[in-house]
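To start, the structure itself, in structure tokens.
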Amino acid sequence: MRTAGRLVLVQLVVMPDMLVVENYKTMVRLGLVDQLLAIGLPYFGSALAIFLLRQTFMGIPKELDEAARVEGAGALQTLWRVYVPLAR
């Protein structure tokens, strides 16, 4: 198993309550205290968010991905112009 996979599994084991102080310290360092983004940012990379995004992206037809590649779009461009709008 890769390191990223292990980190996701460890995150499932650690209770979110234990991370509140560390999340706050991170938001202070980023200068995001008292902002709406600071509430959700720590959870964007959570195991649940990764699972939900994976399931959403798997529901998007491969033909759209292939069409974007044929048109010359790179991986990041395909993500932002095909997957993200369809995931909304």
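What full-extension length gain, to one decimal in nm, is calculated for Ile60 and Ile39 as 0.36 nm per residue of separation minus the Cα-Cα distance? Could you put the intermediate results ahead of the total?
On the way: separation 21, 0.36 × 21 = 7.56 nm, distance 2.86 nm.
Contour length minus the Cα-Cα distance gives 4.7 nm.
Quick one: among Gly45, Gly31, Gly59, which has the greatest mean-square fluctuation in a GNM of the chain with alpha-carbon springs under 10 angstrom?
Most flexible of the set in this elastic network: Gly31.
On a 0 to 90 degree scale, rounded to 10, what angle separates helix 3-13 from the longest Cα axis of the chain?
50 degrees
In debye to the nearest 20, how big a dipole does the chain give about its Cα centre with +1 on each Lys and Arg Cβ and -1 on each Asp and Glu Cβ? Numbers along the way, then the final one.
On the way: 9 positive and 7 negative charges, 35 e Å.
In total the dipole reaches around 160 debye.
What is the pair-distance distribution P(r) of the chain, computed from all Cα-Cα distances in 10 Å bins starting at 0, with each bin given as a whole percent?
Pair shares across the bins are 14, 32, 32, 18, 3.
Out of Val70, Val33, Val14, any idea which swings most in a Gaussian network model of the chain, alpha carbons joined below 10 Å?
Val70
Residue by residue, what Karplus-based ³J(HN,Hα) values in Hz, rounded to whole numbers, does segment 78-83 have, using 6.51, -1.76 and 1.60 with θ = phi - 60° and x for Gly and Pro?
Once θ is set to phi - 60°, the couplings for segment 78-83 become 5, 4, 6, 9, 10, 5 Hz.
Using the Karplus equation 6.51 cos²θ - 1.76 cosθ + 1.60 (θ = phi - 60°), what ³J(HN,Hα) coupling, rounded to whole Hz, does each residue of segment 68-76 give in order, writing x for Gly and Pro?
The phi angles translate into 5, 5, 5, 6, x, 6, x, 5, 5 Hz.
With a 1.4 Å probe and every protein chain left in place, work out the accessible area per residue of the chain in Å², rounded to a whole number. Kindly include the intermediate steps, with their values, before the conclusion.
Details: 7290 Å² over 88 residues.
Per-residue accessible area for the chain comes out at 83 Å².
Among Gly40, Leu52, Pro85, which residue has its Cα furthest toward the positive end of the charge dipole of segment 37-88, with +1 on Lys/Arg Cβ and -1 on Asp/Glu Cβ?
It is Gly40.
The values are calculated or read from the model by the stated rules, or taken from the named source; none is laboratory data. Every value quoted in this text rests on a predicted model; they were computed, and no experiment measured them. Here Cβ is always computed from backbone atoms with ideal geometry, including for glycine, and neighbour counts include all displayed protein chains. Side chains are part of the model used for accessible areas, which takes the heavy atoms of the whole protein and leaves out ligands, DNA and RNA. Shrake-Rupley method; radii C 1.70, N 1.55, O 1.52, S 1.80 Å.
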